[in-house]
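> Have a look at this one.
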Amino acid sequence: MTDSKNEIQSTYQKISRRYDWHMRCYHLVGLRIGDYRRHAVELLNLKQGDRVVDLGCGTGLSFPHIMERIGPEGHLTGVDMTPGMLTCARERCERAGWNNVERVQLEIASYDFPQEIDAVISTGVMGYISEYGRIIQNAAKGFSPRRPSGHPRRQTTGRLAAVAVQTIIQDQKTAGAGY
Ligand SMILES: C[S@@+](CC[C@H](N)C(=O)[O-])C[C@H]1O[C@@H](n2cnc3c(N)ncnc32)[C@H](O)[C@@H]1O
């Protein structure tokens, strides 16, 4: 892992227990990351039984929005390199009684996407990752192949939604919000 990734990991490791509280504070001062997170999940147009990957899932703040849509028949994989963040994500799953959520501790660039996934989400992470182009290509390879009847070519139905914090701050500045 590069020095900068080590630094990111060690920062998130230190704040993992306080991360959700930080997010609530940001909301109070006008940085509505939660709204963007929810909107990103809406854009995925998830259905019951869908298979989803959350890249850089952190403590799992997107999980409730995803789980509400995919239900117990679906499958969610949260990938994150920081053990402390994944511990919080595991605890969130235990509290909610979700047993169809897998957590993978790995750097996203090394993640081997499973086949037949329906959607990928990433919120507040891509700004850290210089190889995001390659990651998006890898994700696309895992999207579910479907051949609509009468269609000559195989098509994929995967959806990807990514939110970068820089975009949120810029959006809110443009909208004249507190940030
Ligand atoms: C700002 S938090 C976002 C967490 C969550 N997606 C959310 O919306 O609350 C960034 C997360 O990305 C993870 N992360 C950053 N770079 C990563 C990388 N290269 N591989 C895996 N995880 C990474 C960090 O460990 C941290 O949990």
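The values are calculated or read from the model by the stated rules, or taken from the named source; none is laboratory data. Just so it is clear, the structure is predicted and the values come from calculations on it, not from any experiment. Here the Cβ positions follow ideal geometry from the backbone for every residue, glycine too, while neighbour counts run over all protein chains shown.
> Assess whether THR2 counts as being touching a helix residue (DSSP H, G or I) at 6+ places or on another chain (Cβ under 8 Å) and not aliphatic (A, V, I, L, M).
In short, no.
> So GLY78 passes all but one of these: (1) near the ligand (Cβ under 9 Å from one of its atoms); (2) in a strand (DSSP E or B); (3) surrounded by fewer than 22 Cβ atoms within 10 Å (Cβ to Cβ). Which condition number does it fail?
Here GLY78 clears every test but (3).
> If the requirement is being modelled with pLDDT of 80 or more, within 24 Å of GLU7 (Cα to Cα) and surrounded by 14 or more Cβ atoms within 10 Å (Cβ to Cβ), which of these qualifies: ILE117, ILE135, ILE168?
When all the criteria are applied, what remains is ILE135.
> Looking at (1) within 13 Å of the ligand (Cβ to nearest atom); (2) at pLDDT 60 or above, find the lone condition where THR156 falls short.
The one condition THR156 does not meet is (1).
> From the list GLU102, GLU73, pick out the single residue that is out of contact with any Cys (no Cβ under 8 Å at 6 or more places or on another chain), within 16 Å of the ligand (Cβ to nearest atom), farther than 16 Å from VAL41 by Cβ and among the charged types (D, E, K, R). Walk me through how you get there before you give the answer.
On the way: GLU73 fails: within 16 Å of the ligand (Cβ to nearest atom).
Being out of contact with any Cys (no Cβ under 8 Å at 6 or more places or on another chain), within 16 Å of the ligand (Cβ to nearest atom), farther than 16 Å from VAL41 by Cβ and among the charged types (D, E, K, R) holds for just one of GLU102, GLU73, which is GLU102.
> Moving to a separate point now. Search segment 14-25 for residues that are farther than 17 Å from ARG90 by Cβ and near the ligand (Cβ under 8 Å from one of its atoms) and pair each with any residue that is modelled with pLDDT under 90 and assigned to a helix (DSSP H, G or I) when their beta-carbon atoms are under 8 Å apart and the residues are at least 6 apart or on different chains.
Here the result reads MET23/ILE33; MET23/GLY34, each pair linking segment 14-25 to a residue that is modelled with pLDDT under 90 and assigned to a helix (DSSP H, G or I).
> Quick one: which of TYR19, TYR12, TYR26, TYR36 is in contact with a strand residue (DSSP E or B) (Cβ under 7 Å, 6 or more places away or on another chain) and either among the polar types (S, T, N, Q) or not in a loop (DSSP other than H, G, I, E, B) (or both)?
Being in contact with a strand residue (DSSP E or B) (Cβ under 7 Å, 6 or more places away or on another chain) and either among the polar types (S, T, N, Q) or not in a loop (DSSP other than H, G, I, E, B) (or both) holds for just one of TYR19, TYR12, TYR26, TYR36, which is TYR36.
> Okay, next question. Within segment 113-140, restricting attention to residues that are assigned to a loop (DSSP other than H, G, I, E, B) and more than 14 Å from the ligand (Cβ to nearest atom), which residue is nearest to the chain's Cα centre (by Cα)?
Out of the qualifying residues, it is ASP118.
> Quick check: is even one residue across segment 82-105 in contact (Cβ under 8 Å) with a residue 40 or more places away in the chain, under 18 Å from ILE136 (Cβ atoms), over 12 Å from the mean Cα position of the chain (by Cα) and surrounded by fewer than 21 Cβ atoms within 10 Å (Cβ to Cβ)?
No, there is no match, as no residue in segment 82-105 is in contact (Cβ under 8 Å) with a residue 40 or more places away in the chain, under 18 Å from ILE136 (Cβ atoms), over 12 Å from the mean Cα position of the chain (by Cα) and surrounded by fewer than 21 Cβ atoms within 10 Å (Cβ to Cβ).
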